[in-house]
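The values are calculated or read from the model by the stated rules, or taken from the named source; none is laboratory data. Keep in mind that this is a model prediction, so the values were computed, not measured. Cβ: placed from backbone, ideal geometry, glycine included. Neighbour counts: every protein chain shown.
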Amino acid sequence: MNKILTYLLGLSIAVISAEGIIIDGSLDEPEWEEAFVIDKYYEAVPYTLKTPDVKTVTRIISNEEGIYIGFTNFQDNASMLSNKSMRDEIPNNAEQNGVAIDFDGDGLKAYMFFATLANIQGDGIRPLGGWPEFDWDGDWDVKMKKYDGYWVSEFLIPWNVVLMKNVDTPYRKINITTFRYLTADQAWLNDTKTSGFRTNFLSNLRTIKVRNFTKRKLNYFPYISKTYNSVTGFNENKLGAEVFLNTGTGKQINLTVNPDFGQAESDEVIVNFSAQETFYSEKRAFFNENQSLFDLSHYDRYRVINTRRIGAASSYDCEESSSEDDCNDAKKTYTDIDFALRYTQKNSNSDVGLFVAQESNELFTRGRNFYAFRSKNKIGTRSIGYFLTHVENNFTNEKATVNVIDFTNIKSKKLTLYTDLLASEKEGISGIGIRSQFVYKPTPLTKRSGSILYFEDDFRLNDFGYLKKNDWFHIGFGFDATKVNFAELSSVKEREIRTDFNYDSDTSGNSNPIRASQNYEFNYKNNSSFKILWDLKTSGKDTTITRKNVDFPYVKNKGSFSFNLDYESPSFGTWEYDWRTGYETAEKYDSWDSNGYERRFAKIAGSLYPIDDFRISYQFRVREEDEWLNWIQDNELAVYDLSQKIISIDMNWYKGIKHEIRLKSQFVALEAKNPKSLSVDKSGYLLNANNQVNSFTEGITSFQVRYKYEIAPLSYFYLVYTRGGSIYDDENERNTSKIFRDPWENSDNEIYSLKIRLKYYRFLF
């Protein structure tokens with residue numbers, strides 16, 4: 001039956017005139033009468049598969065321009081919410097429509113396009129084995145319009161919005177699904193009994209057959225920017241361009257010359273005293289365009305390519321300079337880039353890509369060269385790929401190379417296997433790594449998963465990629481079970497239980513604490529939610545805190561127990577709130593004057609949206625720890641009474657359709673008091689010591705106001721004010737208010753930025 005429906009659907013996607021439809025939120029053109037109609041939807045989140053109380057009728061047609069999708073959403077006018085949001089946000093207080101399309105029909109990734117009733121667009125990529133990523137922005141069109149008793153959304157997804165495999169036949173097969181979000185129920189409706197939040201999402205899309213149209217298109221984005229830092233006196237004017245050529249035959253060239261990779265969007269402030277690097281997502285447009293072939297990652301554990309490396313701060317060694325003061329004054333937080341080039345070719349069963357980037361030479365330092373080659377071949381339900389990265393550091397004269405073979409085997413709609421084999425070489429030192437993982441869904445409401453990671457101490461990925469840590473052996477298992485369809489009188493709408501077991505050690509067998517955790521999540525019919533998480537850790541060895549000191553490789557730590565409670569309120573018309581609290585405890589140490597470890601955590605947050613065009617959000621977090629252990633140097637450590645407070649305030653004002661004003665701020669105050677000096681012996685035991693350690697405080701401020709004007713689709717004018725700084729003090733006592741205030745009054749940066757980025761395009765025949 002499914003094959004018959006697929007065949008009929010393929011025949012029913014009508015080819016229409018290119019001039020017939022105007023994207024205006026009205027489906028009154030006669031061409032829509034020829035469309036294939038979908039009027040059967042299921043409640044996919046929560047996964048009840050019930051027929052919803054409201055009706056949705058979706059029409060699909062295509063022509064040489066792309067796929068047209070028209071949604072007619074029947075709904076009481078009083079329940080239609082259209083609060084505005086940022087692009088790519090998925091708000092819970094605005095009606096939405098969307099479509100996911102696997103343009104190549106190979107089940108490896110799908111592009112997601114969605115829009116809210118406020119006409120706010122969002123798009124992203126859903127890779128196999130991962131979660132949706134929304135850094136990519138595509139060039140497509142959508143319009144919304146309200147009517148009496150229903151509202152309409154009208155999509156045009158051009159064929160050249162993404163790079164598709166080259167097909168030399170009159171028709172091509174694509175996989176597709178459409179969806180709708182109901183604000184009143186906070187429910188996702190889908191026409192194929194799946195959702196983007198499910199692990200087997202890609203294998204449950206609808207296969208359709210459409211006419212194969214090819215068209216060459218050239219997009220080019222010139223930009224001009226000016227940046228001035230009133231604190232440092234830095235003043236820079238830049239002019240550059242990005243060029244994207246889609247040949248329409250499965251080939252695309254992306255080139256940027258003298259790019260402006262300054263961020264119009266600030267990162268979240270994270271205070272990190274650990275030995276592990278913080279990962280930040282990519283926000284720069286060039287690196288997100290057509291990047292999916294090069295995105296080989298395993299959640300937050302590693303990425304073969306981390307494009308945030310390109311254009312990062314240079315490696316200054318001012319102590320070796322004859323002009324040490326001038327060298328220090330020349331330091332920047334980023335490196336200019338001469339050019340970056342990416343070439344991608346997609347054939348019927350194979351993909352190949354080449355990536356090159358060259359940083360500029362700066363005062364007192366020299367830029368790096370980045371190279372990457374990627375190939376991927378599909379054989380039935382299996383894919384095998386090869387990845388090569390190479391970095392030349394012209395300042396240190398070091399070279400780093402990584403080779404990867406990755407294998408994916410889709411055994412069925414229930415079981416998928418992943419394997420990555422990695423090898424690195426840097427300055428004659430070689431290291432290997434391996435990742436193997438399975439995801440198994442025996443039923444639609446249960447999931448089993450497991451993974452093994454092994455990275456040698458000499459494995460090096462971070463010259464171009466990201467690796468949470470090396471010298472690492474990991475085994476993990478996870479079990480998920482969801483229950484829906486509660487009794488009519490029950491207040492619960494959905495319940496999910498997840499159980500995880502994780503074992504970690506270094507490659508010498510020094511075991512970190514074994515962790516067992518369980519997460520209970522309850523979603524209620526009033527659209528509130530409540531979560532309970534408990535975590536049990538055995539005693540073990542902390543193999544990272546001493547920074548891999550050869551003589552003192554680890555610190556023995558006690559077992560601990562922790563729990564967290566998390567609550568999200570329903571919407572109260574114009575506002576909502578959530579809170580979280582947590583507690584962790586561990587026994588005291590016998591080897592030194594210990595009182596025992598405790599951690600207390602609390603968060604309260606909320607949002608206020610009195611009108612559709614305005615939203616303000618706040619968050620206050622406080623974390624307190626007794627006997628917070630911090631590394632000093634060698635085998636010297638110290639424990640403190642730690643108190644950390646974070647205040648975040650975000651404001652978004654959407655003045656009209658094209659205007660956006662955003663304020664984003666974070667203020668961090670950290671106090672580490674009552675220090676006790678400790679040392680660790682070669683067996684990992686902590687001992688009392690007599691080293692001089694002081695209390696210290698740290699304050700961090702990050703503040704940004706951004707005005708954004710949409711000149712045309714993907715053409716923007718930015719005006720940005722950024723202020724920030726950090727102050728570390730281990731000599732003077734400062735109260736909390738002063739810690740918050742000092743980084744603002746004595747800021748490291750006060751930056752004024754202006755940027756215009758325009759999009760031009762031309763079809764090439």
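Give just the number: which of (1) surrounded by 17 or more Cβ atoms within 10 Å (Cβ to Cβ); (2) more than 26 Å from the chain's Cα centre (by Cα); (3) part of a strand (DSSP E or B) does Asn502 not satisfy?
With respect to (1) surrounded by 17 or more Cβ atoms within 10 Å (Cβ to Cβ); (2) more than 26 Å from the chain's Cα centre (by Cα); (3) part of a strand (DSSP E or B), Asn502 is out only on (2).
Give Thr183, Thr207 a once-over and let me know the one that is in the same structural domain as Gly66 (by TED's automatic domain parsing), buried (at least 20 other Cβ atoms within 10 Å of the Cβ), modelled with pLDDT of 90 or more and among the polar types (S, T, N, Q).
Within the list Thr183, Thr207, the selection yields Thr183.
Give the number of residues within segment 392-431 that are assigned to a loop (DSSP other than H, G, I, E, B), closer than 30 Å to Arg382 by Cα and small (Gly, Ala, Ser). I'd like the intermediate steps shown before the answer.
Of all residues in segment 392-431, those assigned to a loop (DSSP other than H, G, I, E, B) come to 394-397, 411-414, 427-428.
Now restrict to residues that are closer than 30 Å to Arg382 by Cα: 411-414.
Narrowing further to those that are small (Gly, Ala, Ser): 412.
Of the residues in that region, 1 qualify.
Just one of Glu731, Glu671, Glu710 is more than 29 Å from Gly233 (Cα to Cα) and modelled with pLDDT of 95 or more; which is it?
Answer to the selection: Glu671.
Just checking, how many residues over segment 564-574 are surrounded by fewer than 17 Cβ atoms within 10 Å (Cβ to Cβ) and either among the hydroxyl-bearing types (Ser, Thr, Tyr) or in a loop (DSSP other than H, G, I, E, B) (or both)? It would help to see each step written out before you state the result.
Residues of segment 564-574 surrounded by fewer than 17 Cβ atoms within 10 Å (Cβ to Cβ): 565, 567, 569-570, 572-574.
Going one step further and asking which of them are either among the hydroxyl-bearing types (Ser, Thr, Tyr) or in a loop (DSSP other than H, G, I, E, B) (or both), we end up with 567, 569-570, 572-574.
Qualifying residue count for the region: 6.
Could we say that Ser375 is under 26 Å from Leu128 (Cα atoms) and part of a loop (DSSP other than H, G, I, E, B) here? First the steps, then the outcome.
Working: under 26 Å from Leu128 (Cα atoms): yes; part of a loop (DSSP other than H, G, I, E, B): no.
Considered against the rule, which asks whether it is under 26 Å from Leu128 (Cα atoms) and part of a loop (DSSP other than H, G, I, E, B), Ser375 comes out as no.
Filter segment 525-563 down to the residues that are part of a strand (DSSP E or B) and surrounded by fewer than 17 Cβ atoms within 10 Å (Cβ to Cβ) and list them by number.
Correct list: Phe530, Lys531, Ile532, Trp534, Leu536, Phe561, Phe563.
Output the qualifying pairs, or none if there are none: Cβ atoms under 8 angstrom, residues six or more apart or on different chains, first residue in segment 425-448 and in contact (Cβ under 8 Å) with a residue 12 or more places away in the chain and closer than 16 Å to Ser412 by Cβ, second residue in a loop (DSSP other than H, G, I, E, B) and of a type in the set (Val, Ile, Thr).
Val439/Thr199; Lys441/Thr199; Lys447/Thr199
Could you say whether any residue in segment 153-173 is without any contact (Cβ under 8 Å) to a residue 24 or more places away in the chain and farther than 27 Å from Gln291 by Cα?
No.
Taking segment 336-354 only, how many residues are in a strand (DSSP E or B) and either over 19 Å from Leu108 (Cβ atoms) or free of Cβ contacts under 8 Å to residues at least 12 places away in the same chain (or both)?
Matching residues across segment 336-354 total 7.
Could you say which residue among Val693, Val720 is assigned by TED's automatic domain parsing to the domain that holds Phe620, under 23 Å from Asn557 (Cβ atoms), out of contact with any Gly (no Cβ under 8 Å at 6 or more places or on another chain) and of a type in the set (A, V, I, L, M, F, W, C)? Even if it seems obvious, please write down each step before you answer.
On the way: Val720 fails: under 23 Å from Asn557 (Cβ atoms).
When all the criteria are applied, what remains is Val693.
Those residues that are more than 21 Å from Leu128 (Cβ to Cβ) and either crowded, with 18+ Cβ neighbours inside 10 Å or of a type outside the set (S, T, N, Q) (or both), I need them from segment 407-444; list them, please.
Ala423, Ser424, Glu425, Lys426, Glu427, Gly428, Ile429, Gly431, Ile432
Only residues that are touching a helix residue (DSSP H, G or I) at 6+ places or on another chain (Cβ under 8 Å) and either surrounded by fewer than 18 Cβ atoms within 10 Å (Cβ to Cβ) or in a strand (DSSP E or B) (or both): list them for segment 140-172, please.
Lys146, Asp148, Gly149, Tyr171 - these are the residues of segment 140-172 that are touching a helix residue (DSSP H, G or I) at 6+ places or on another chain (Cβ under 8 Å) and either surrounded by fewer than 18 Cβ atoms within 10 Å (Cβ to Cβ) or in a strand (DSSP E or B) (or both).
In segment 517-546, which residues are under 22 Å from Ile452 (Cβ atoms) and in contact with an Asp or Glu (Cβ under 7 Å, 6 or more places away or on another chain)?
Of everything in segment 517-546, those that are under 22 Å from Ile452 (Cβ atoms) and in contact with an Asp or Glu (Cβ under 7 Å, 6 or more places away or on another chain) turn out to be Ser517, Thr543.
Would you mind telling me which numbered condition in (1) closer than 30 Å to Asp681 by Cα; (2) modelled with pLDDT under 95; (3) hydrophobic (A, V, I, L, M, F, W, C) Leu536 fails?
The single condition Leu536 does not satisfy is (2).
Considering segment 303-314 alone, what residues qualify as being outside any helix (DSSP H, G or I) and within 30 Å of Leu421 (Cβ to Cβ)?
If the condition is that a residue be outside any helix (DSSP H, G or I) and within 30 Å of Leu421 (Cβ to Cβ), then Arg303, Val304, Ile305, Asn306, Ile310, Gly311, Ala312 are the ones that fit.
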